[in-house]
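Heads up, the thing below is written out as structure tokens.
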Amino acid sequence: MIIVEQIKLAPGHTDFDLKKKVCRVLGIKNTEKCPEFEIMKRSVDARKKPDIFFVYSVRITDGAFEVPKGADRRRIKTAEEENYDFAVMSGLQGKMPYTGAENKTAKVPEDGLFTKTSGSYTADKNNRPKARPVIIGFGPAGMFCALMLAKAGFCPIVLERGKCAGDRIKDVDRFFETGKPDENSNVQFGEGGAGTFSDGKLNTGTGSGGGRAREVLNTFVRHGAPENILYESKPHIGTDILVNVIQGIRSEIEGLGGEVRFNARFDVFLRDNAGNVRACTYKDLRTGKMEEIPADGICLAIGHSARDTFEQIYGAGVPMEQKAFAVGVRIEHPQEIIDRYAYGEDFAALRKNKVLPAADYKLTAHTKEGRGVYSFCMCPGGFVVNSSSEEGMICVNGMSYHSRDGRNANSALVVTVSGEDFGPGVLDGMEFQRKLEKAAFIEGKGQVPVQLWGDFVINKESKGCGNVIPSIKGSFAFSNLRRVLPDFISMSLLECMEDFGRRIPGFDMDGACLSGVESRTSSPVRIPRDDTGMSEVKGLFPCGEGAGYAGGIMSAAVDGIKCAEKMARYIL
């Protein structure tokens, strides 16, 4: 394919302006002869304020087009088009059970087993029918694992401890009002996982991954996400749209013969005499009954907050190891401070009518001792969210709606921690998180503890707002976060904040609003897997953020696709 790069246009340009610039690079004088093209990437270049530009790369979609001699070839390149193919990536060309189209009319046995007459698998050499793959968790990793397996005809069964999106939203709203979480249906657990109540950022450092990342984006768009996520350099969906998107993906899975069981909390794995996974049990939270499902392959996509499951599988002998992560606080500023930093003093005019997006930032630093301090999960125009999932604990996260038009910008401001800080045990990091969250609950008297930066500096309890009015989902109380955080965390934040204030004028303002505790930046454990994607427990496929292999919606979804590929190879 032919790609035209480095097309710069001022904010407020028209589609015709873009077309003229494409023609200019191609050396075409008559715009009526411009070949068909589509946008591949768009970013904002604000390095030389006040001159700000949108920078485009476009792909020529006319396969017969030949680049004219007068074209500016410095800005034109050719590349192979990358299309995702599940059968190719899984190495199972010609071996798939049946196609998705056929699967829509297939009859799936209620006992979870495929038989010779069910339209899919044949019996194995011991004449035992194959079992449907099981996925534990319906966040981005489990969702895309299930979707790929369903498309390939494997009719997966998904177990999700939380509720469907509609019921989950009611539980979350009730929690924001009362402060009492449902430990199975909350900001962390339920349809879509923790990503449902987030900014919906789709940034990823995983690369194209054989077309997997593009497949994820295409899937989101197909189910109602805005098309600009296909080309924006920093795409995001927003909680308000994401809720409907994930319900659409679930409907597709079900239409292809898959099944999603909500209120189904995983209990234990069952193994055969060789130690291989052969089934699992789960508790139906509505009836209290225990159910057993046969399974020749289980995807463990439980997310980073399934602490009871971490304890259960570790006690059952599944190899696990501790992992470094980061903890700290959320910090809120007026969005206009971040817009001014990004776009210059004329930011108000540039942001009018949403010509430019609400600006974001990314900050990193190291203390004199070498400890990392950085911003994380920045939410322009967003909200801080009480994201607790256990009684007697408080933790926070960030979220935005699609419009990102809230008055405040917020981000986690966190400090790296490791076993040297919390102990050598596999689950010591998880217990460290719990300790901080219990302290936050006590400090805020059951509400999100909040403190102004100026008061944090002098170790004083805040008594009210400064020039930042907190935007928090859930109730909050002015407190002293220095009584929540270990001294080394507080000192690290204090040491690096001056540097952050130099980079973004006003970032270290006394009235900046802190809330805590930000403790779940990533999983505190990793569940090792080999090149086949399996744990030492054969048939068990650790996947996504909870297993320690992802850090956000996109990377988790991509890992879910990779897991599906490896599960298909194993099952067949």
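Just so you know, all these numbers are worked out from the coordinates, no wet-lab data involved. Computed from a predicted model, the values in this text were never measured in an experiment. Virtual Cβ from ideal backbone geometry, glycine too; neighbours counted across all protein chains shown.
Past 28 Å, Cα to Cα, is the threshold; run LYS29/LYS201; LYS21/LYS354; LYS21/LYS48 against it and keep the listed order. Where the Cα-Cα span goes over 28 Å, the pairs concerned are LYS29/LYS201. The alpha carbon convex hull volume per residue for segment 341-442 rounds to 139 Å³.
Consider the candidate values (1) 45, 25, 21; (2) 41, 33, 20; (3) 39, 36, 19; state which one is semi-axes √(5λ) of the Cα gyration tensor in Å computed from the structure displayed. Here the calculated entry is (3). Across segment 327-337, rounded Karplus estimates of 3J(HN,Hα) from the backbone phi angles (6.51 cos²θ - 1.76 cosθ + 1.60, θ = phi - 60°) give 9, x, 9, 9, 10, 10, 10, x, 4, 5, 5 Hz, Gly and Pro being marked x. Only Cα pairs under 8 Å and at least 6 apart count here; give the relative contact order of the chain as a rounded whole percent. The normalised contact order for the chain reaches 17 percent. Between LEU9 and LYS234, the distance separating the two model label sites (each 7 Å from Cα on the Cα→Cβ line) works out to 2.1 nm.
Counted by neighbouring Cβ atoms within 10 Å, the residues MET320, MET40, MET378, MET290 run from fewest to most as MET290, MET40, MET320, MET378.
Using r as the Cβ-Cβ distance of LYS289 and PHE488, and R0 as 35 Å, what FRET efficiency do you calculate, to the nearest 0.05? Efficiency computed from Cβ-Cβ geometry: 0.15.
Each residue in THR364, THR78 was given a count of other beta-carbon atoms within 10 angstrom of its own, and listing them fewest first yields THR78, THR364. Between ASP510 and ALA64, the contour length at 0.36 nm per residue exceeds the alpha carbon distance by 154.5 nm. Straight-line reach from LYS368: taking Cα to Cα under 15 Å and skipping same-chain neighbours fewer than 8 places apart, the aspartates and glutamates in range are GLU495, GLU498, ASP499. Could you pull out which residues in segment 382-398 have an amide N less than 13 Å from a spot 7 Å beyond the Cα of GLU431, following the Cα-Cβ vector? Output list for this probe position: empty. Close amide H pairs (under 5 Å, H built 1.01 Å from N) link ILE7 with TYR56, residues at least 5 positions away or on another chain. For LYS463, go through the lysines and keep the ones whose alpha-carbon is under 27 Å away, minus same-chain ones fewer than eight residues off. Counting by Cα, and skipping residues close in sequence, LYS463 has these lysines nearby: LYS180, LYS435, LYS438, LYS445, LYS473. Look at GLU36, GLU254 and count the other Cβ atoms within 10 Å of each Cβ; fewest to most, that gives GLU36, GLU254.
Under the criterion of Cα pairs below 8 Å and six or more residues apart, the relative contact order for segment 324-518 equals 29 percent.
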